[in-house]
Amino acid sequence: MLEVRNLSLHAGNFSLRNIDLTVERGSCHVVLGPTGSGKTLLLETIMGFRKSREGKILHFGEEITNLPPEKRKISYLPQDLALFPNMNVRENILYGIKVRRIINESHLRLFEALTNMLGITHLLQRQVTNLSGGERQRVALARALVTGNRTLLLDEPLSALHESMRRDLWMLIKELQEEFHLNILMVTHDVEEAFFLANHVSVIYDGSVLQTSGKETFFYEIKDVRVAELVGVRNIFQAELSDVGTVKSRFFCHDLSTIIVAKTPAHPVVGKKYFLGIHSNDIEVTKKKPDGAANTVPIKITHIYEKIKSVMVEGKAVSGKTITAEESPKLSKTLKPGQKVFAVFSIEDVLVMDQFLDGSIHTGLP
């Protein structure tokens with residue numbers, strides 16, 4: 001397992017601050033964040049390419065904070081892959097272990113297993129300059145794993161590939177992880193990629209980790225509006241806590257000019273301002289106002305956008321704010337712009353988000 005404890009460092013005008021995360025044995029931990037958030041810097045520090053200002057890095061219980069990269073027993077696949085254009089595929093894969101003079105029979109057996117599993121045996125004598133993007137990714141993965149290291153750091157290695165090829169490699173990475181019992185720490189800005197590969201997800205923003213959760217609960221444990229925006233929560237509204245209950249509370253939503261009922265937040269204070277978020281696929285559009293629904297907002301449909309397997313329905317509330325719902329194509333056939341309907345959502349589906357967890361105030365909303 002890999003543990004990062006209270007890691008901080010400065011790099012020019014940018015800083016990583018108090019980073020804590022754990023990659024459990026045999027799991028994939030994905031760090032999700034926008035461009036410029038510190039994802040690559042974090043991996044470079046874990047690898048030993050940069051020196052931390054404070055904090056510890058532990059690998060299977062051994063502190064490696066001050067060890068040189070070659071002593072850390074961690075493999076790294078950078079975004080640009082760093083393949084050597086003057087070498088063929090076989091030479092590229094074996095280069096690292098040959099230079100370090102650690103090649104032995106076990107490495108050669110692993111080489112054979114990896115090239116077979118990655119489907120690149122027929123490419124071994126080919127120059128890497130003559131490979132497709134997907135083939136280059138497979139060669140780079142083989143080179144990273146032929147060392148026998150069981151911990152692998154991935155720096156957005158699939159970002160340059162088209163969608164179908166990326167999906168093929170997602171499945172291949174899963175297979176490699178299971179076959180070789182890998183511990184993977186991967187960084188990406190792609191939410192779908194993160195949730196396909198991850199067991200746990202951390203969100204990094206401006207050098208700080210805002211949230212870490214298991215994949216299964218991540219979407220419904222969002223407490224920071226920046227995380228909500230990053231993962232694509234389309235419906236985010238300003239509100240004020242007006243009535244506190246043990247399990248559920250009432251919020252006056254200024255943006256929608258209505259009361260919304262949601263789960264009671266930690267340390268509730270009447271009059272405190274919050275942001276409320278609802279995933280688009282958690283909103284049901286109905287023609288009639290349902291009886292007994294906790295949250296029902298009248299809207300007038302403004303746009304209907306068709307996707308491959310769903311339809312995005314946008315409507316304006318009385319206040320003028322837009323609500324977006326993701327519905328089935330079958331339902332959308334009964335809807336049209338200009339129609340008055342209701343946006344319905346449950347108490348459990350409302351995300352209650354405080355001001356930024358670091359104390360700053362969100363200003364990115366319209």
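Taking θ as phi - 60°, what are the ³J(HN,Hα) couplings along segment 210-220 by the Karplus curve (6.51, -1.76, 1.60), each to the nearest whole Hz, with x for Gly and Pro?
Result, rounded to whole Hz: 8, 7, 9, 8, x, 4, 5, 10, 4, 5, 10.
For helix 163-180, what angle does its Cα long axis make with the longest principal axis of the chain, in degrees from 0 to 90 and rounded to 10?
60
Write out the chymotrypsin sites (Phe, Trp or Tyr not before Pro) in segment 32-115 meeting two conditions: DSSP loop, and at most 10 other Cβ atoms within 10 Å of their Cβ.
Values: sites: PHE49, PHE60, TYR76, TYR95, PHE111; in loops: PHE49, PHE60.
Of the chymotrypsin sites (Phe, Trp or Tyr not before Pro), not one in the loops of segment 32-115 has a Cβ with at most 10 other Cβ atoms within 10 Å.
Nearest 0.05, what FRET efficiency do ASN66 and ARG101 give at R0 = 22 Å with Cβ-Cβ as r?
Values: r = 24 Å, r/R0 = 1.08.
Calculated transfer efficiency: 0.40.
Please compute, for the alpha-carbon atoms of segment 225-353, the extent along each of the three principal axes and give them in descending order in Å.
Projected onto its principal axes, the Cα set of segment 225-353 covers 44, 32, 24 Å.
From the backbone phi of segment 144-155, what are the Karplus-calculated ³J(HN,Hα) couplings (6.51 cos²θ - 1.76 cosθ + 1.60, θ = phi - 60°) in whole Hz, Gly and Pro given as x?
Those phi angles translate into 5, 9, 5, 5, x, 4, 9, 10, 10, 9, 10, 9 Hz.
Rounded to the nearest 500, what is the chain's calculated 222 nm mean residue ellipticity when only DSSP H runs of at least 4 contribute -39500 (n - 2.57) each, over all residues? Working shown, then result.
On the way: 9 runs with 85 residues, N = 366.
My calculation for the chain gives -6500 deg cm²/dmol from helical runs alone.
Kindly work out what percent of the DSSP beta bridges joining two residues of the chain are antiparallel, to the nearest 5. Intermediate values should be presented prior to the final figure.
Values: 62 of 81 bridges.
Percentage antiparallel, nearest 5: 75.
Treat segment 1-104 as a sphere of radius equal to its Kirkwood radius over Cα pairs and apply Stokes-Einstein at 10 °C in a medium of 1.306 mPa s; give the translational diffusion coefficient in µm²/s, rounded to a whole number.
Details: Rh = 15.4 Å.
Rounded to a whole number, D works out at 103 µm²/s.
Could you calculate the FRET efficiency of ALA11 with ALA113 from 1/(1 + (r/R0)^6), where r is the beta carbon distance between them and R0 is 45 Å, rounded to 0.05?
0.75
Using a 10 Å Cβ count of at most 14 others and DSSP loop calls, identify the longest part of the chain lacking such GluC sites (Glu not before Pro). Numbers along the way, then the final one.
Working: sites that count: GLU24, GLU221, GLU348.
Answer from the scan: 25-220.
Given the options ALA11, ALA140, ALA325, which has the most mean-square fluctuation in a GNM of the chain, springs set between C-alpha atoms less than 10 angstrom apart?
Judging by the Gaussian network model, the answer is ALA11.
Given the pairs LYS300/LYS336; LYS289/LYS336; LYS263/LYS330; LYS263/LYS316, which span a C-alpha to C-alpha distance of over 20 angstrom in this model? Don't skip to the answer; put the middle values down first.
Numbers: LYS300/LYS336 10 Å; LYS289/LYS336 17 Å; LYS263/LYS330 31 Å; LYS263/LYS316 25 Å.
Those over the limit are LYS263/LYS330; LYS263/LYS316.
Once amide H atoms are placed 1.01 Å from N in the peptide plane, what residues at a sequence separation of 5 or more from VAL31, or on another chain, have their amide H within under 5 Å of its amide H?
Counting only residues 5 or more places away or on other chains, the set is MET186, VAL187, THR188, SER202.
Between VAL23, VAL233, VAL244, find the one with the highest GNM mean-square fluctuation for the chain; connect C-alpha pairs within less than 10 Å.
VAL244
Laboratory data are not the source of any read-out in this text; all were calculated from the coordinates shown. All figures in this text were calculated on a predicted structure; none of them were measured in a lab. Note that we place each Cβ from the backbone using ideal geometry, even for glycine, and neighbour counts take in every protein chain shown.
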